[in-house]
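Participant: Submitted below is the structure of interest, expressed as structure tokens.
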Amino acid sequence: MLEDLSTVWNAKPFGTSITVGQIVLTSLLIFIGYLVSRLSVYLLNRRLATTRLRPDAVQAISRVVYWLILILVFLTALSLLHIPLTAFAFITGAVAIGIGFGAQNIINNFISGWILMTEKPIRIDDFIEIDNMRGVVERIGNRSTRIKRTDGVHLLVPNSSLLEKNVTNWTLVDNRIRTTVRVGVAYGSPVREVARLIEQAVTEQNNCNDSPAPYVVFDDFGDSALIFDAYFWCEVEGERELRAARSNIRFRITELFEERGIVIAFPQRDIHLATSSPLAVRVLGSHEDAE
């Protein structure tokens with residue numbers, strides 16, 4: 001029995017020096033190496049998640065460890081099969097030519113992904129805008145980057161597009177964003193008091209910065225209103241929080257104006273009829289009169 005197993009184990013089915021035992025050991029090595037690489041990346045991500053590293057740095061480290069383990073497994077497998085690396089010289093050249101002609105976009109996106117991970121013009125959790133679409137970067141993969149738009153839809157963008165197109169990164173350096181709130185009040189309102197109340201409403205918001213301080217500008221004499229603009233900086237992580245900050249300020253402005261009897265303007269028109277004869281005005285007081 002053992003002699004039969006030994007014969008099968010040492011058999012050379014392909015007419016080469018590679019035996020069945022070497023094939024089995026190599027297959028087990030590749031399978032176990034793949035499992036070890038995945039498990040190592042999982043444990044490494046859990047460990048690094050407790051540190052102060054950003055998610056993009058954690059992903060870069062995990063990816064490097066993953067590929068290093070696979071390369072070591074591949075080299076060990078070649079060693080078990082007694083295959084020198086020089087045997088792949090011709091195959092490598094042919095593969096390189098094939099990649100050059102048939103997989104340009106794939107290689108371009110792969111290299112672009114590593115550029116994004118090293119230069120970090122876009123990082124995980126950044127709020128970006130591309131092609132009039134806004135969202136948060138969730139993952140930078142080998143071929144594409146996954147972005148969760150503000151409406152909850154997930155968008156896959158090729159990595160090369162993030163380097164070739166104009167991309168607005170709202171949170172590249174920090175989360176400070178300047179925005180404005182416009183208010184129109186009725187003519188005859190105390191303009192100094194209006195400016196003070198608008199500034200008060202802005203400064204009362206928790207996520208609005210004190211430095212640089214918010215300021216209010218009396219912008220224009222409108223057709224139906226006196227126009228004021230409030231400029232201020234906010235600490236937000238995306239458009240949703242920015243819109244919420246502006247909404248809270250408008251709520252507070254409305255409350256302050258109501259307390260002091262200041263009217264928020266609305267469109268009004270004076271109509272002048274050029275006629276020399278008096279006009280008859282009839283008030284409909286019942287359903288019969290209306291008919």
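Participant: Output the number of residues of the range 48-63 satisfying the condition of being loosely packed, with under 12 Cβ neighbours inside 10 Å and closer than 23 Å to residue 116 by Cα.
Facilitator: 3
Participant: Of the residues that sit in the range 171-181 and are part of a strand (DSSP E or B) and surrounded by 14 or more Cβ atoms within 10 Å (Cβ to Cβ), which one is modelled with the highest pLDDT?
Facilitator: 181
Participant: Kindly provide the set of residues from the range 138-159 that are under 18 Å from residue 111 (Cβ atoms) and small (Gly, Ala, Ser), ordered by number.
Facilitator: 141, 144
Participant: Right, next: Return the total of residues in the range 45-63 being assigned to a helix (DSSP H, G or I) and either in contact (Cβ under 8 Å) with a residue 40 or more places away in the chain or of a type outside the set (D, E, K, R) (or both).
Facilitator: Pass one, the range 45-63, residues assigned to a helix (DSSP H, G or I): 45-49, 55-63.
Now restrict to residues that are either in contact (Cβ under 8 Å) with a residue 40 or more places away in the chain or of a type outside the set (D, E, K, R) (or both): 45, 48-49, 55-63.
Number satisfying all stated conditions: 12.
Participant: Quick one: in the range 204-230, of everything that is surrounded by 14 or more Cβ atoms within 10 Å (Cβ to Cβ) and outside any strand (DSSP E or B), which residue is farthest from the chain's Cα centre (by Cα)?
Facilitator: Out of the qualifying residues, it is 225.
Participant: Could you pull out the residue among 208, 234 that is farther than 30 Å from residue 109 by Cβ, in contact with a Phe, Trp or Tyr (Cβ under 6 Å, 6 or more places away or on another chain) and not aliphatic (A, V, I, L, M)?
Facilitator: Values: 234 fails: in contact with a Phe, Trp or Tyr (Cβ under 6 Å, 6 or more places away or on another chain).
The match here is 208.
Participant: Quick one: is residue 111 outside the structural domain of residue 140 (by TED's automatic domain parsing), under 24 Å from the mean Cα position of the chain (by Cα) and at pLDDT 85 or above? Show your work before the answer.
Facilitator: Details: outside the structural domain of residue 140 (by TED's automatic domain parsing): yes; under 24 Å from the mean Cα position of the chain (by Cα): yes; at pLDDT 85 or above: yes.
It is true that residue 111 is outside the structural domain of residue 140 (by TED's automatic domain parsing), under 24 Å from the mean Cα position of the chain (by Cα) and at pLDDT 85 or above.
Participant: Working only within the range 231-245, note down all residues that are crowded, with 17+ Cβ neighbours inside 10 Å and more than 14 Å from the chain's Cα centre (by Cα).
Facilitator: If the condition is that a residue be crowded, with 17+ Cβ neighbours inside 10 Å and more than 14 Å from the chain's Cα centre (by Cα), then 232, 233, 234, 242, 245 are the ones that fit.
Participant: Filter the range 113-152 down to residues that are free of Cβ contacts under 8 Å to residues at least 24 places away in the same chain, of a type in the set (D, E, K, R), more than 20 Å from residue 243 (Cα to Cα) and not in a strand (DSSP E or B), then give me how many there are.
Facilitator: 1
Participant: Among the residues of the range 156-170, how many are crowded, with 16+ Cβ neighbours inside 10 Å, among the hydrophobic types (A, V, I, L, M, F, W, C) and in contact with a strand residue (DSSP E or B) (Cβ under 8 Å, 6 or more places away or on another chain)?
Facilitator: So the first thing to find is which residues in the range 156-170 are crowded, with 16+ Cβ neighbours inside 10 Å, and the list is 157-160, 162-163, 167, 169-170.
Of the ones still in play, those that are also among the hydrophobic types (A, V, I, L, M, F, W, C) are 157, 162-163, 167, 170.
Next, only the ones that are in contact with a strand residue (DSSP E or B) (Cβ under 8 Å, 6 or more places away or on another chain) stay: 157, 162, 167, 170.
Count: 4.
The values are calculated or read from the model by the stated rules, or taken from the named source; none is laboratory data. Just so we're clear, the structure is a prediction, and the values are computed from it rather than from any experiment. All Cβ positions, even for glycine, are placed from backbone atoms using ideal geometry, and neighbour counts span all protein chains on display.
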